[in-house]
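*Asks:* Just dropping this structure here.
Rule-based calculations on the coordinates, nothing more; no lab input. What you see is a predicted model; the values in this text were computed from it and never measured. Counting neighbours? That spans all protein chains shown, and the Cβs are built from the backbone with ideal geometry, glycine included.
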Amino acid sequence: MQKVITLKDMCLVTKTAPMAAEVHGERAKCLQRLIRLDMPVPTTVAMSFNAVRAIAAGHAADAPQILRHFGNNPLLSVRPSSMDPDWGGPVAMLNIGMNDAKHADLCDLLGEETATRLYMRYIQTFAVEVARLDAEEFYLPDHPSRDALRAMLSVYEAEMDAEFPQDVGAQLAEVLRSMARTWEGTTARLLRQAKGAPPDAGLGLVVQEMALAVGAGVSGSGVIQFASSTTGTPEINGRFVPQALHAEGLRDRLDALYLTRDPRGPSMEEQAPDAFAKLIEFGALGRIKLREEMEIKFILFDGQLTILDAVRIQRSNRAAVRIAVDLASSGVIAKEDAILRVQPSALSELLHRQVDRAAKRDILVRGIAASPGAASGRLVFTACEAQASAARSEACVLVRRETTPEDIRGMHAAVAVVTLRGGITSHAAVIGRGIGLPCIVGASDLDVDERKRTITGPDGRRLKSGDMVTVDGSTGQVLVGEPAMVEAALDEAFQTLLSWADDVRDIGIRANADTPADAQTARNFAAEGIGLVRTEHMFFQGERVDLMREMIFAETPIALAAVLERLLPLQRADFYEIFQIMQDQPVCIRLFDAPLHEFLPAGKQGMRDLAEVLNVPLAQMTARVDDLSEYNPMLGMRGVRLGITVPEIYDMQARAIFEATVAASAKGNQLVPEIMVPLVSARREVELVQSRLDAVAAAVRVESGVDFEYRLGVMVETPRAALRAEDIAEHAAFLSFGTNDLTQMTYGLSRDDAGKFMSDYVKLHVYAEDPFHTLDLDGVGELLQLGAERGRKGRPDVTLSICGEHGGDTATIAFCRAQGFDYVSCSPFRVPVARLSAAQLAL
Ligand code: PEP
Ligand code: MG
């Protein structure tokens, strides 16, 4: 920690002063650019990150050194200046230097009421924001008087045991200290980290001479921007407040004028045409020279224009994309810059689904709509359960009374969050918006019984853990069940940006898609094929799960054959539909891989229900479940082990794939399906499966009279498969790393249970991150590297990819690029994010 603040840390901003955004923040650097463009900017001093850190740590701000740059008894403002304006910061402090003497001067200049209002407002802000006194004690009357002023000063004195500071240096030092400390606070930290700020992000402060916005002629304070913050489309937008005592809330002030001529009222353009024309000129100049859409804050004093500040305009994610694309399309920035200017994570907010307007809404409860987008998932009540759910790739909705920082990992794991307490700025809301997670807060009509793990709506309906709910974060409604959704509207700028990204990226992006609906989403997001169809997921829904259970419970070859015969057309139809949707794009279908326990009934009631469906006695059912139960199902009869032990299942799946291939090829698509074998640990497993698949392919060729090829590949998800990849690749045209299981087995960490202790492990720095969430590049990564090298030895042209949940992550994509992988495969909604990340990595 720096012990002293040097003169270099308090730099007068001039055309030539040594300044950098990494040292003084973006606002300070931008003010220097405005000065270089000869805009009329008042005297400004920039405090560096170092200075602010030292002040926050208790070092006194060297106010006299700052004040020597200003005239006698100045009025000053202090504004935050971080590396990225989106990271937020403490609110600006204005009119520093107001005191009894200044008040007397201003009474002569502005009249007593105006001067008193200004002074009282300053005392109020100083008391609340700097001295942290109770806001209710500092009430500003409609008609401020000397008595009210004296009363306010006495309240301050009584609360602080000291007079209101009269010395500008003392006031300034206090303001700097308070702003520096605010930046270090937990809420500010969480807020900016959710927006991508590094943990050690610094804050600079900009101290500036105030320009008077009250006085003769056309005087006032205004703000102008040249593109919409919501959509990014070009438009002049802002407000001008004549005789403005303070610059806050300009846009919402009733006494504000329109900037441009407007039938609804008077405009600045009419009242001060020269200054307005100058602003338009500055706007155009700023756009070209600063290569950004800027919001300009200005003051008019008797028609004279002063530019206080210009910052990147606040923008929604949608606007960020549009602005970047417009700047590149008009040649102000390069396309590459446009690609680099949009945070990949920002795209995901644009991608969120919404509940279909036409869908019936079964509303359980309403709360505050805190973060937009809608998502459906099963109810969970703790962060641990949410993490366990995510590890099982099961969508979940986390319900909490209120969230604490400990819940962040759970929020990352959930598809949506509901809290009973809190408002729009509560922890859950702030974090939810930061990470683009649908979120409802303040759903206080909901009753939660954490012990029984139930929620009860105001109408008495009770839902339990595991029940399906939908969170509509755009309207604040928690819905029962899973209504139809519509995909996010992706506008032209979004498509343009991603097409530029596709031009520069050098690694393929496919999607994991289990159903035709998923495949359609993947296609809409321009995935270059499907990298993983989890065929068992096709059977998680509705009545299909019973059919699957029938297959598992079949005790004789005849019974098994009968169920497989019923499964075949369902599988064939799904595959056919997926092929049709993906057209000429590759589709990689993974043969059945489910730990059997996922299909076994739970509890007595579940047994009874299934016994009824399968029409067998309960005792027989219980005996069979006992028979099939495993101590460690994740390492038990899964994947290829089931395929080899009960080969008829893979035979049926292969037939479904090949018959769908033949049917789709008849429509003109030249299809070469990819078939992937899960959970392989030995070469012989692949040999055995291959010979059966070849036999089925031969039979389908003969029966249909249509020739076709297929590619056989292996999912590398056991450590042994990675180690023996050379051997295995001789039988595999492609190797796809399943990093979920590979992480589970490399760590010896249960995907289903690790959530219970993961937060403790991360808190104690045992693991830097949850390895199911962030790929462990050191350990699991080494196995990927080894597997890739050895696989290439066995087959130089082997196709390499990753299809675990890590696939869409920027760090994982960077790793896969470095290893020369052909593609990554991730969930459909992450495809655009991955496309942009991959492009940024290639630049
Ligand atoms: C994996 O293990 O990484 C994988 C993609 O398969 P699943 O999650 O279905 O086990
Ligand atoms: Mg797996």
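*Asks:* Within the set LYS102/LYS195; LYS195/LYS756; LYS756/LYS793, which residue pairs have Cα atoms separated by over 30 Å? Could the numbers behind the result be given before it?
*Replies:* Numbers: LYS102/LYS195 41 Å; LYS195/LYS756 27 Å; LYS756/LYS793 40 Å.
Over 30 Å Cα-Cα: LYS102/LYS195; LYS756/LYS793.
*Asks:* Under a point-charge model restricted to the Cβ atoms of Lys and Arg (+1) and Asp and Glu (-1), what is the dipole moment magnitude of region 436-574 relative to its Cα centre, in debye to the nearest 20? Mind dumping the intermediate values first?
*Replies:* Working: 14 positive and 24 negative charges, 96 e Å.
With Lys and Arg at +1 and Asp and Glu at -1, about 460 debye.
*Asks:* Only bridges whose two residues both fall in region 224-365 count here: according to DSSP, what percent of them are antiparallel, nearest 5? Display every interim value, and only then the final one.
*Replies:* Working: 15 of 16 bridges.
Approximately 95 percent, going by the DSSP bridge assignments.
*Asks:* Continuing with the same structure: How do CYS826, CYS384, CYS439 rank when sorted from fewest to most other Cβ atoms within 10 Å of their own Cβ? Could the numbers behind the result be given before it?
*Replies:* On the way: CYS826 27, CYS384 20, CYS439 33.
Going from sparsest to densest Cβ surroundings: CYS384, CYS826, CYS439.
*Asks:* Counting only C-alpha contacts under 8 Å and six or more residues apart, can you give the relative contact order of the chain as a whole percent? Numbers along the way, then the final one.
*Replies:* Numbers: 1702 pairs, mean separation 77.3, N = 843.
Dividing the mean separation by the residue count of the chain yields 9 percent.
*Asks:* Compute the distance from the alpha-carbon center of region 698-760 to that of region 273-290, in whole Å.
*Replies:* 59 Å
*Asks:* Is it possible to state the helix-based mean residue ellipticity at 222 nm for the chain, with each DSSP H run of 4+ residues giving -39500 (n - 2.57), the sum divided by total residues, to the nearest 500 deg cm²/dmol? What is it? Can you show the working numbers first?
*Replies:* Numbers: 33 runs with 360 residues, N = 843.
Taken over the chain, the calculation gives -13000 deg cm²/dmol.
*Asks:* By its C-alpha gyration tensor, with a ≥ b ≥ c as the square roots of the eigenvalues, how is the chain shaped: rounded for a/c under 1.5, else prolate for a/b larger than b/c, else oblate? Show your work: numbers first, answer last.
*Replies:* Numbers: a/c = 2.47, a/b = 2.08, b/c = 1.18.
Because a/c hits 1.5 or more and a/b exceeds b/c, the chain counts as prolate.
*Asks:* So in the chain, what percent of DSSP beta bridges are antiparallel if you round to the nearest 5?
*Replies:* Numbers: 62 of 98 bridges.
Bridges in the chain are about 65 percent antiparallel.
*Asks:* Would you work out if region 352-486 is rounded, prolate or oblate? Take a ≥ b ≥ c from the square roots of the eigenvalues of the alpha-carbon gyration tensor; rounded if a/c is under 1.5, else prolate when a/b is larger than b/c, oblate otherwise.
*Replies:* Judged from the Cα gyration tensor, region 352-486 comes out rounded (a/c under 1.5).
*Asks:* Sticking with this one: For region 31-102 and region 522-590, write down the distance between their C-alpha centroids in whole Å.
*Replies:* Here the answer is 64 Å between Cα centres.
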